[in-house]
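Just so you know, all these numbers are worked out from the coordinates, no wet-lab data involved. What you see is a predicted model, and the numbers here were worked out from it, not measured in a lab. Heads up, the Cβs are rebuilt from the backbone with ideal geometry, glycines too, and the neighbour counts pull from every protein chain shown.
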Amino acid sequence: MSAANRTIIGALASHWRRNPLQLLTFLAGLALATGLWSGVQAINSEARASYDAAAATLGEGQFDQIVARDGGRIAQSDFIAMRRAGWLVSPLVEGRRDGVRFIGVEPLSTPGGLPDLQLDPDAPLQGFLTRETLFANAETAALLGPDTVPENVAISVAPAVAPGLILGDIGIVQSLLGRKDLDRLLVAPEQPMRRAELSEIAPHLVVQDSLQRSDLGQMTDSFHLNLTAFGLLSFAVGIFIVHGAIGLAFEQRRGTLRTLRSLGVSLRRLTALIAVELFGLALIGASLGIVLGYLVAAALLPDVAATLRGLYGANITGTLSLRADWWLSGLAIALLGTALAMADKLWQVAHMPILASARPRAWSQATARGRRRQLGLSAVFFTTGLGLSLFGEGLLAGFALQGALLVGAALALPALLHVGLSAIERRTKIVTWQWFWADTRQQVPGLSLALMALLLAVSANIGVSTMVSSFRLTFVEFLDQRLASELYVNVANPEQSDQIERVLSRHADDVMPLLSMSSRAAGMPIDLDGIRVTDTYRENWRFLAMGPQAWDEVAAGRALIANEQFARRADLWVDDLVRIEGADPLPIAAIMADYGNPRGQLVISETLFRTMNPDATPRSFGARTSDADTLMRAVRQDTGLPEAAFINQAQIKAFSLDVFERTFTVTAALNILTLSVAGFALLMSLLTLADLRVPQLAPVWTAGLPRKTLARMELLRAMALAVCVFLLALPLGLALAWTLLAIVNVEAFGWRLPMFLFPVDYARLGLLAVIAACLAALWPAISLARLSPHRLLKVFADER
Amino acid sequence: MVLTLTSIAKAYPGADGVIPVLVGVDLSLEPGDTLALTGESGSGKSTLLHIAAGLEMADEGDVIVDGQNLTATDDTARAAIRRGTVGVVFQQFNLIPSLTVLGNITFQARLADKEDRSFTQQLCERLGLKSQLEKYPEALSGGQQQRVALARALAARPKVLLADEPTGNLDESTAAEVLALMLSLVEENDAALMVVTHSEKVAQHMSRHVHLRGGKLI
């Protein structure tokens, strides 16, 4: 850099030295924005790496698989028969031991090969085959207790193995799990031309093509998109802070810029050096943000892991790696955000006459024309939103609708506040309050970016909390309906099934066997359940939609029940016909809610199920009883079943609710972080405006309002503005909640939730927003109360 | 007396220690008095005016406005005296930008609960502001803004009007017009007027003229 450029940069940078608070605002705003964005990206990146590891380990979504038609296990003899018939299949066994998931594979025949286990490069397979070795990543390996794995088996740390998983040779894993059968067979993509049909070799087995299986990455896409949307919202809130800081710095440096121009600095050089200066600062802010993002991600990752496990059964690692993709994306978006924030200011500099006024323009005073322009833009966004809500399809359209609503409302905010505050001012008779409202109206342009940030944060909070609370209410009611039986008994094998049913029939008031299998209907994979239609079902299950005599029709085998996910995906509803693979078409008698289940599900009568699949036996039983503990003891005594085979209704409800609560911990944490950033934005705006406030307040002080009163009014002003913003955020937040419940949820999960209102929660949030505004205004107000008369009087001096 | 300043001393900290600005200044005004206070730049004229208005505290001495000693009161009490008894006009007008012309004019009178609508109307007519009442200060010329500032100071019928270079920002003819209006309104309301000025022309219009030099009145 030339000496001249260094001098110019020095002159520009002197502003930040003299205004350290503005520098802090700029850096903190960018660091917060980048931090929240890159934190979310870090979580997504870690999760995706885990899915990739799972796919590499288990062939998820890559290879066709052969499974038992009844959902049970595969005998070793079936595998041998298939190999003899020419099928290139590889066996896989999986099971849990001491809470850890074990997968056994046959390394020589596994399609796609093993993940990179960092084996001996000279004899890679030798290590896998000859030594008694199991492979796990460091985190999972650390979880293994001394009794989980026998002493003669070594544990080798291999980062490529999916989290929560231990991989080993099938022989070792079978012996650890005490099993001789298999769970599935992986089908190699290339198969010999001549081979016997599967139906001839093993008719009880079925091929599931890779596209039928729910790939973890796809299943969880909506969750990660949700997180990304939150990250983007937080980033937008942070960028409001940066925009405000850059705007103020430009206005306060108008004199310096004019002087530099008049001293011979060309416009091109000046704009280039301003860009260099700001991008340099942006790099510092972004670096701080990436560190912050790492901390945010590290703090949230365990809850995200719990959420994904609870919702999708997806295992992701609980520890964070410094992956280039997320920190580079954080850096890129920080620079992009800075570029956006400074673009219009650079344009102004480029069009500023050399002899433009050196005094800071009343940058905070928006003109009526400016307000009209913003309102016009807001109308464009709202119209786009309306179009998206009428004609948009897909998850992205849902998020785009939310974005259009949020940006449209943020742009309309200054004009709405102007109108509202003017109306209050007109209705006020007391002079002090007339001035208060007029002055508050005058502050709106200067605070508008921070107020917009607060609007976004509060409305997102209302929207998400309404969705979560509506979900909670619906989910609790749903659990009460669906888990009506007091005790559930799981069956280990078909032989046990008859005995358990006989014993349960003796002791329980009512017994409800549950048969299930995988099948296909309407061109998609489904879970098919067979139930015995008893009064318990009739009295407890509530349907989203149903035809006449729905239960009678189902019980008679003349109709079926579909879950909402299936109905929406297949675009079918009550009375529409559904053909289950290998059966005659049946009409849908009712649509049931099925929250938390990503798969389509159809329910038919037990009798019809057995007709379609004569060998099927119940996998579990529900039992009605007035004393679940006594019933469990009696059944255990008669059958010798272990305690683990029983699930108490109260326990399962508590477990489901616990999973649910943790599911939304991350959302709640991001909500609070976003609100905090908005509070910070308000504080920074008030602090940067403090200097501009003195000339506005000095005449009022001169006229006889003491500084303490003025300070109290400053506090009150921030609180009044927060209340106004909250009142506008309320309808916006409810609109957001509606889009989340009626559009995003349907697109992402396949179910639509009813919307409930929670006035007490909203009032609490409003109070929180007012407290945040009050805290933000406290420091500037105290400074004002302590402002020396001398400082106020300088306003009236000839030479300011 | 409506204003009595006794042994007023004031000093400011400077780079080379404390700089005395006022040293034992005595001054008093009766109703109807008009006083010009002149002096060089930095001589302490504005400081003395600020002390008289209770905007700034003297280091030593007493300030008695309409029988109340400002030096013995707190900020809140001084503010109350300021809004009820004193009117101040500044060179920079210092109107409240968020209020209309009418809102500015009536502001102090309403604060002091002394609003007299017919008097305000008269003031506005005399000052030629009747057609400007719904406008905001930014839409007015400098002369018009100073008239609004004068109307605001007088609308509360102050016993003491303190003006700091009230015509300093105005052209000659507008300055003469504003000054004439100020003097006539002060006379009609039997108020006392102290004007800080550099202008000999302005000083000549006052009944008394004092000069500040070296922190003392001569």
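May I ask you to derive the FRET efficiency for A:Leu778 and B:Met57 from their Cβ-Cβ distance with R0 = 30 Å, giving the value to the nearest 0.05?
Using R0 = 30 Å, I get an efficiency of 0.65.
Counting GluC sites (Glu not before Pro) as exposed when in a DSSP loop with at most 12 other beta carbons within 10 Å, what is the longest stretch of chain B free of them?
Formally, the longest exposed-site-free interval is B:41-133.
If all Cα-Cα distances of the protein assembly as shown are sorted into 10 Å bins from 0 onward, what percent lands in each bin, rounded to whole numbers?
Per 10 Å bin, starting at 0, the Cα pair percentages come out as 2, 9, 14, 16, 15, 12, 9, 7, 6, 5, 3, 1, 0.
Among residues other than A:Leu740 whose Cβ falls under 11 Å from its Cβ, what is the net charge (Lys/Arg +1, Asp/Glu -1)?
0
Using a Gaussian network model of chain B with C-alpha springs under 10 Å, which one of B:Thr197, B:Thr76, B:Thr174 is most mobile by mean-square fluctuation?
B:Thr76
If you stretched the chain out fully between A:Arg369 and A:Asp629, how much longer would it get, using 0.36 nm times the residue separation minus the C-alpha to C-alpha distance?
That pair, A:Arg369 and A:Asp629, stretches by 86.2 nm at full extension.
Convex hull over the alpha-carbon atoms of the range A:1-47: what's its volume per residue in Å³?
79 Å³
Which FRET efficiency value, to the nearest 0.05, do you get for A:Arg194 and A:Asp615 by plugging their Cβ-Cβ distance into 1/(1 + (r/R0)^6) with R0 = 22 Å?
Efficiency at R0 = 22 Å is approximately 0.15.
Looking at the protein assembly as shown only, what percent of DSSP beta bridges run antiparallel? Nearest 5 please.
If we restrict to bridges inside the protein assembly as shown, about 65 percent are antiparallel.
Tell me, what is the percent relative contact order of the range B:159-209, built from C-alpha pairs under 8 Å that lie six or more residues apart?
Result for the range B:159-209 is 51 percent.
With an 8 Å Cα cut-off and a minimum separation of 6 or more residues, compute the relative contact order for the range A:548-633 in percent.
33 percent
Charges only on Cβ, +1 for Lys and Arg, -1 for Asp and Glu: so what's the dipole of the range A:498-607 about the Cα centre, in debye to the nearest 20?
So the dipole magnitude of the range A:498-607 works out to roughly 220 debye.
Given Cα pairs under 8 Å that are at least 6 residues apart, what percent is the relative contact order of the range A:375-475?
23 percent
Between helix B:172-188 and chain B, what is the angle of the helix's C-alpha long axis to the longest principal axis, kept within 0 to 90° and rounded to the nearest 10?
Tilt relative to chain B: about 80 degrees.
Would you please calculate the Kirkwood hydrodynamic radius of the range B:1-132 over all C-alpha pairs and express it in Å, rounded to one decimal?
Every distinct Cα pair counted, the radius reaches 16.8 Å.
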